[in-house]
Amino acid sequence: MKPPSHNPDDTEIARDFTVRQYENARGAKNREEIAEAIRRRFTERYIKPASEPTQRHGFTMMAISCLMIEAFVSLQKGWRTSDGKGELAVSLFFDGSDHFREFRGHGKAFYKNVRCGILHQAETNEGWKIVRTGPLFDLGSHTINADVFLPKLKEVLDAFCDKLKTFDWNGPEW
């Protein structure tokens, strides 16, 4: 591990990828390098900490998933902050993802009862439950399977990063 630096350009965006390296890759229009750094950043911060087989817990997996959804949509939309946009971010994510089509139209309820419940009260609200068996989402019982949810988030991330490599540098994605 590198010693801490006081130079903001040395701040790591992802392991072994600094702000300076990002600026260089951006200047060179290196889509591949930037897309892989984005994949590493999200995987390091959100996927791996909840994926260790002996330490996984559905609650933690969903807390990390909620953080990732807002961070991911903020990145896609170019938002500097999701302040005041959390519910919108969750709704945009679910309504725009084939991987999470079961949640279409339920973004507001998910935001209130899962995202806000877990992150603010350390519990889900209004009967929503987190489990680690069964289908991704059971609307009738408001049950979410964290063991299915998190891998689907990784699929969304991987698809986005792979596509990002192919987008025109001057396109809206960049």
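Just a few scattered comments:
- Beta carbons closer than 7 Å, at least 6 apart along the sequence or on distinct chains, pair a first residue in region 60-73 that is closer than 11 Å to Leu150 by Cα with a second that is at pLDDT 95 or above and of a type in the set (Val, Ile, Thr) for Met62/Val114; Met62/Ile144; Cys66/Val114; Ile69/Val90.
- Taking first residues from region 10-35 that are in contact (Cβ under 8 Å) with a residue 40 or more places away in the chain and partners that are surrounded by 16 or more Cβ atoms within 10 Å (Cβ to Cβ), the Cβ contacts under 8 Å between residues at least 6 apart in sequence or on separate chains come to Arg31/Leu164; Ile34/Tyr22; Ile34/Ala25; Ile34/Leu164; Ala35/Cys161; Ala35/Leu164.
- Set side by side, the residues Gly134, Gly117 differ, and just one is open to solvent by less than 40 Å² (accessible area, probe 1.4 Å) and farther than 20 Å from Trp79 by Cβ, which is Gly117.
- Among the residues making up region 75-88, those that are free of Cβ contacts under 8 Å to residues at least 24 places away in the same chain and out of contact with any Lys or Arg (no Cβ under 8 Å at 6 or more places or on another chain) are Lys77, Gly78, Arg80, Thr81, Ser82, Asp83, Gly84, Lys85, Leu88.
- Residue count for region 13-33 satisfying the condition of being touching a Phe, Trp or Tyr at 6+ places or on another chain (Cβ under 6 Å) and of a type in the set (Lys, Arg): 1.
- Residue that is farthest from Asp138 (Cα to Cα), among those in region 59-111 that are of a type in the set (Val, Ile, Thr) and either at pLDDT below 95 or surrounded by fewer than 18 Cβ atoms within 10 Å (Cβ to Cβ) (or both): Thr81
Results for (1) buried (at least 18 other Cβ atoms within 10 Å of the Cβ); (2) within 30 Å of Glu33 (Cβ to Cβ); (3) without any contact (Cβ under 8 Å) to a residue 40 or more places away in the chain; (4) touching a helix residue (DSSP H, G or I) at 6+ places or on another chain (Cβ under 6 Å), shown as yes or no for each residue.
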| site | (1), (2), (3), (4) |
| --- | --- |
| Gln121 | no, no, yes, no |
| Asp138 | no, no, yes, no |
| Ile144 | yes, no, no, no |
| Leu153 | yes, yes, no, yes |
| Leu164 | yes, yes, no, yes |
| Gly171 | no, yes, yes, no |
| Trp174 | no, yes, no, no |
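- Residue within region 14-24 that is open to solvent by 70 Å² or more (accessible area, probe 1.4 Å), basic (Lys, Arg) and at pLDDT 95 or above present: yes
- Here Glu173, Glu123 are screened, and the one residue that is closer than 25 Å to Ile13 by Cβ, more than 16 Å from the chain's Cα centre (by Cα) and modelled with pLDDT under 95 is Glu173.
The values are calculated or read from the model by the stated rules, or taken from the named source; none is laboratory data. Computed from a prediction, not measured in an experiment: that's the story for all the values here. Heads up, the Cβs are rebuilt from the backbone with ideal geometry, glycines too, and the neighbour counts pull from every protein chain shown. Note: accessible area is taken over every heavy atom of the protein model, side chains too, but ligands, DNA and RNA are not part of it. Shrake-Rupley method; radii C 1.70, N 1.55, O 1.52, S 1.80 Å.
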